[in-house]
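Have a look at the structure below before the remarks.
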Amino acid sequence: MKGLYIHIPFCKNICSYCDFTKIIAREDVQVRYISRLIKELHSYRKELSNIDTVYIGGGTPNVLPLYLLKKLFLELKDILDKACEKTIELNPEWIKEDLLDLLKEFGFNRLSIGMQTINEEAIRLIRRKHNKEIVKQAVELCVEKGFKNINVDLIYGIPQTTLKTVEEDLDFVLSLPIQHISCYSLILENRTILMKQIQSGEMELLEEDMVADMYDYINDRLKKSEFKRYEISNYAKEGYESKHNMLYWTGQEYVGIGCGACGYIHSIRIDNEDVLNRYFESFVKSTERIDVWEQKREFFLLGLRMVEGVSKKKYKELFDTEPEKDFDFTDLVGQGLLIFEGDRIYIPEQRLEVANMVFEKFVEVEP
C-alpha cells in the first residue's frame, strides 16, 4: 500500500502545546499556498499513480475557505476516487453543513476531530476554542450527513487537570457515535507557548505518577468498552483501525505534500521546508537515503508500537535474514518487555506504557 499526506499549516489561533508547522495567515497567503501545493502535487505525478490512503492534516484544514478546499479536491479527484480511505482533520468549531457536503461530494470517508478535552479550564489553558456542546453538535452533524468513520482526539496530562477530568472526558467521548479514539499524553515540546509558560514558572506540569494513573485509567476504561487498542495511543471499534497510520507503523511508502510535510519513497526520507516563505521558494529541505540497517531498526521502532507487534516472516521477506541474527533480544525478553509467540514479536499490552525502554534498546544498537 501507499499513502498521501497533505499538510495545511493554517490555524485561527495557536494552541499552547503544538509544535507542528502552523501559522495564522491572511486569505491571500492561503490562496498562494494552495496554488503552491498543487504545483508540488504535479511534481509527484508518477508516485501518485497508485495511492491507497489520503490524509489531510494540519494545522487546521477546515479553516480554509470552501472554494480553496474545493480547488485542492478537484486536483486530487482521481486519487480520491481510487483511494480506499480518505481522512481529513477538523476542528469542531469550524464543522459546518456546507463543509461536510463538500467532503461527501469528494468521497471523504473518515473524519478526525480535534477535541482534546471538554474541561473548560483545560481548554482555556491549551488555548482551544470549542466547548462540550460544540463538539457534541459537530459529531452529531457529521453522523447526520452520513459519515460512519469518525475519530476523536483526546489529550491527557494537561496542567491543573485531575483524574476526574480524564474520567469526565472519557464519559463524554464514549457517549458519542464515533468509531475511533486517539489518546495522547501531553508532551512538552520545544518552541511552544507551553514550554515558555513552564520555563517562566507560570505553569507546572503534572507529576509523572498522576499522568501514569491517567494512562492506566484510560486503558482500563476503554478495555471494557467496544474500543480495542491496536497501537500505543489508538483505539478502534472492530474494522475501524486507521489504514493510513498503519502505513507509517508498517514501514510502507507515503508521499508528503505541503509545508512541513515529510515522505518516504524508495527508501528515501524527504523532509519539506517547514517555514512558509522557504516553502514558496523550494519544496524540499532535505533528503536522506535510509540504509538497510536503519530500515531494520525502524521495522521494530515503528512496528512494535502496534499491539500485535511485528512479523518474523515479514522481516525475513524484507531483509533475507532472521531478526535474532541482527539483534540481541535476551535482555528485553528476560525483563518481560518483549514476547516471542509463533510468528509475532510484540510488547505485552501491560508494558506498552514503558515502550520507550524497548525503543531505546534499538536506537542504541550499532550495526
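Laboratory data are not the source of any read-out in this text; all were calculated from the coordinates shown. In this text the structure is predicted, and so the values were computed from the model without any measurement. All Cβ positions, glycine included, derive from the backbone under ideal geometry; neighbour counts span all protein chains shown.
If each residue of separation counts as 0.36 nm, what is the full-extension length gain between A212 and N109 once their alpha-carbon separation is subtracted? Working shown, then result.
Working: separation 103, 0.36 × 103 = 37.08 nm, distance 3.42 nm.
Difference between extended and current length: 33.7 nm.
Over all distinct Cα pairs, what is the inverse of the mean 1/r for the stretch 84-239, reported as the Kirkwood hydrodynamic radius in Å?
Details: mean 1/r = 0.0608 Å⁻¹.
Hydrodynamic radius (Kirkwood, Cα pairs) of the stretch 84-239 is 16.4 Å.
If you average 1/r over all unlike Cα pairs in the stretch 270-367 and invert the result, what Kirkwood radius do you get in angstrom? Don't skip to the answer; put the middle values down first.
Numbers: mean 1/r = 0.0660 Å⁻¹.
Mean inverse Cα-Cα distance, inverted, gives 15.2 Å.
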With Rg and Dmax of the Cα atoms in Å in mind, check (1) 25.5, 90; (2) 20.8, 59; (3) 23.5, 84 and report the label derived from this structure.
(2)
In nm, the gap between the two label points placed 7 Å beyond Cα toward Cβ at R32 and E202 is 3.0 nm
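Compute the Cα gyration tensor for the stretch 191-306, then decide on rounded, prolate or oblate, letting a ≥ b ≥ c be the square roots of its eigenvalues: rounded whenever a/c is under 1.5, prolate when a/b is larger than b/c in the other cases, and oblate in all that remain. Show your work: numbers first, answer last.
Numbers: a/c = 2.17, a/b = 1.22, b/c = 1.77.
Cα axes put the stretch 191-306 in the oblate bin.
Would you mind calculating the gained length between L318 and R344 on full extension (0.36 nm times residue separation, minus the Cα-Cα distance), in nm to one decimal? Before the final figure, lay out each step's value.
On the way: separation 26, 0.36 × 26 = 9.36 nm, distance 1.54 nm.
This chain segment gains 7.8 nm when fully extended.
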Which is farthest toward the positive dipole end of the stretch 10-72 among T53, L64, V31, measuring Cα position about the Cα centre, with Cβ charges +1 (Lys, Arg) and -1 (Asp, Glu)?
V31
Rounded to the nearest 0.05, what FRET efficiency is calculated for E353 and K145 with R0 set to 35 Å and r the Cβ-Cβ distance?
0.40
For the chain, what is the relative contact order in percent, using Cα pairs closer than 8 Å and at least 6 residues apart in sequence?
15 percent
Restrict the search to the stretch 1-83; then list the GluC sites (Glu not before Pro) that DSSP places in a loop and that have at most 16 other Cβ atoms within 10 Å of their Cβ.
none
Can you tell which of F73, A212, S43 lies farthest toward the positive end of the dipole of the stretch 2-247, using +1 and -1 charges on the Cβ of basic and acidic side chains (Lys, Arg; Asp, Glu)?
S43
Is the stretch 1-112 best put as rounded, prolate or oblate by its Cα gyration tensor, with a ≥ b ≥ c the root eigenvalues, rounded for a/c under 1.5, and otherwise prolate when a/b is larger than b/c, oblate when not?
prolate
About the Cα centre, and with charges only on the beta carbon of Lys, Arg (+1) and Asp, Glu (-1), how big is the dipole of the chain? Nearest 20 debye, please.
1380 debye
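Give the relative contact order (percent, whole number) for the stretch 12-76; include only Cα pairs under 8 Å separated by 6+ residues. All intermediate terms of the calculation are to be shown ahead of the outcome.
Details: 20 pairs, mean separation 31.2, N = 65.
That works out to 48 percent.
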Which is farthest toward the positive dipole end of the chain among N190, P367, H180, measuring Cα position about the Cα centre, with Cβ charges +1 (Lys, Arg) and -1 (Asp, Glu)?
H180
